[in-house]
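Below: one structure, written as structure tokens.
The values are calculated or read from the model by the stated rules, or taken from the named source; none is laboratory data. Because the structure is predicted, anything quoted here is derived from the model rather than measured. Cβ placement follows ideal geometry from the backbone for every residue including glycine, while neighbour counts extend to all protein chains displayed. Surface accessibility is based on the protein's heavy atoms, side chains included, excluding ligands, DNA and RNA. Shrake-Rupley method; radii C 1.70, N 1.55, O 1.52, S 1.80 Å.
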Amino acid sequence: LAQLVLSGLITGTALALTGVGATLVFGIQRIPNLAHGEFLTFAAYIGLLVNTYFEQNLVVGAACATLGTAALAVFLHFAVLRPLSGRGLVATCLITVGLGLVLRNVIFMVAGPETRKFNIDQTVVYDLGLVRLAPGQGVALLITLVVAPAVAWFLAGTTMGKSMRAVSDNRDLAAISGVDVERIGTFVWLLAGGLAGIGGFMFAIVQGTFDPNLG
């Protein structure tokens with residue numbers, strides 16, 4: 001039971017962190033980002049590149065995956081989604097579906113369809129008494145213990161977080177109150193991309209192996 005609870009918490013937290021980003025984008029930008037899953041895949045391959053090709057450890061890989069996916073999200077915001085804003089919910093959904101297909105196929109073209117894994121020994125297991133922990137799960141647990149409280153504190157205790165919540169509740173009232181709605185929108189994409197990067201990296205190391213269909 002303890003093992004199942006631990007495994008469920010690790011997987012559930014990755015889902016929760018990823019979901020927070022998608023929810024913030026929908027709540028603030030009114031965009032149902034159906035390409036969000038491909039952000040996870042992109043992050044997994046960035047982490048893989050850093051870990052295997054540049055021979056860096058998993059912590060560095062996680063940081064690069066987070067920053068790279070955040071940069072991708074902001075780029076797509078300025079290059080595609082912002083110029084096409086105001087076209088309605090259905091059109092926006094179709095645009096994000098198209099972005100997702102493009103991202104997935106680009107990853108297929110660049111990385112190939114082969115199953116990949118990080119440069120860690122997947123057979124190693126640490127016996128902690130009631131539970132056993134694989135190296136990938138240990139890294140995911142460490143990330144969770146740092147990131148989850150930090151995100152909660154950011155949204156509840158900082159000026160930027162409160163502004164984001166205000167825009168989500170009432171965009172027009174927040175703008176009248178002096179909140180820079182456009183700046184908040186950009187930061188939302190940055191945060192959502194970063195959280196997707198963390199979630200994608202966590203999924204990849206917990207699963208052990210992955211391919212371009214991870215998202």
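Taking H placed 1.01 Å from N in the peptide plane, check which residues at least 5 places from residue 56 or on another chain put their amide H under 5 Å from its amide H.
The answer is 51.
For the chain, set up a Gaussian network in which alpha carbons nearer than 10 Å are linked by springs, and say which option among 191, 49, 145 fluctuates the most.
Of 191, 49, 145, the most mobile in the Gaussian network model is 145.
Principal axes first, then extents: for the Cα atoms of the stretch 99-215, list largest minus smallest coordinate on each axis, whole Å, largest first.
57, 43, 17
Work out, in µm²/s and without decimals, the Stokes-Einstein translational diffusion coefficient of the stretch 34-162 at 20 °C, 1.002 mPa s, Rh from Kirkwood over C-alpha pairs.
Numbers: Rh = 17.2 Å.
After rounding, the answer is 124 µm²/s.
Work out the charge dipole of the stretch 135-215 with +1 on the Cβ of Lys and Arg and -1 on the Cβ of Asp and Glu about the Cα centre, then indicate which of 159, 213, 196 is farthest towards its positive end.
159
Give a residue-ordered list of calculated ³J(HN,Hα) values for the stretch 170-177 (Karplus: 6.51 cos²θ - 1.76 cosθ + 1.60, θ = phi - 60°; whole Hz; x for Gly, Pro).
7, 4, 5, 5, 5, 5, 5, 7
Quick one: angle between helix 89-111 and the longest Cα principal axis of the chain, in degrees between 0 and 90, rounded to 10, please.
30 degrees
Working with all protein chains in place, sort 30, 116, 183 by solvent-accessible area computed with a 1.4 Å probe, largest first. Can you show the working numbers first?
Details: 30 120, 116 80, 183 140 Å².
Per-residue accessible area, sorted high to low, gives 183, 30, 116.
Give the accessible surface of the stretch 97-179 per residue, rounded to a whole number of Å², with probe radius 1.4 Å and ligands, DNA and RNA excluded.
Result: 64 Å² per residue.
Counting pairs of alpha carbon atoms under 8 Å apart in space and at least six apart in sequence, what relative contact order in percent does the stretch 1-112 give?
Details: 69 pairs, mean separation 34.8, N = 112.
Answer for the stretch 1-112 is 31 percent.
If you fit an axis through the alpha-carbon atoms of helix 2-24 and take the longest principal axis of the Cα set of the chain, what angle between them do you get, 0 to 90°, nearest 10?
Value to nearest ten degrees: 20.
What dipole magnitude, in Debye to the nearest 20, does the chain give about its Cα centre under +1 on Lys/Arg Cβ and -1 on Asp/Glu Cβ? Don't skip to the answer; put the middle values down first.
On the way: 11 positive and 10 negative charges, 82 e Å.
Dipole magnitude for the chain comes out near 400 debye.
Rounded, prolate or oblate for the chain? Axes are the square roots of the Cα gyration tensor eigenvalues, ordered a ≥ b ≥ c, and the cut-off for rounded is a/c under 1.5. Let's see the in-between values first.
Working: a/c = 2.33, a/b = 1.47, b/c = 1.58.
Oblate, since a/c reaches 1.5 and b/c is not below a/b.
Rounded to the nearest 10 Å², what accessible area does residue 54 show when all protein chains are kept and the probe is 1.4 Å?
120 Å²
Counting only protein heavy atoms and using a 1.4 Å probe, what share of the accessible area of the chain belongs to carbon plus sulfur, as a whole percent?
66 percent
Let me cross-check residue 125: its accessible surface, 1.4 Å probe, with only protein heavy atoms counted, in Å² to the nearest 10?
70 Å²
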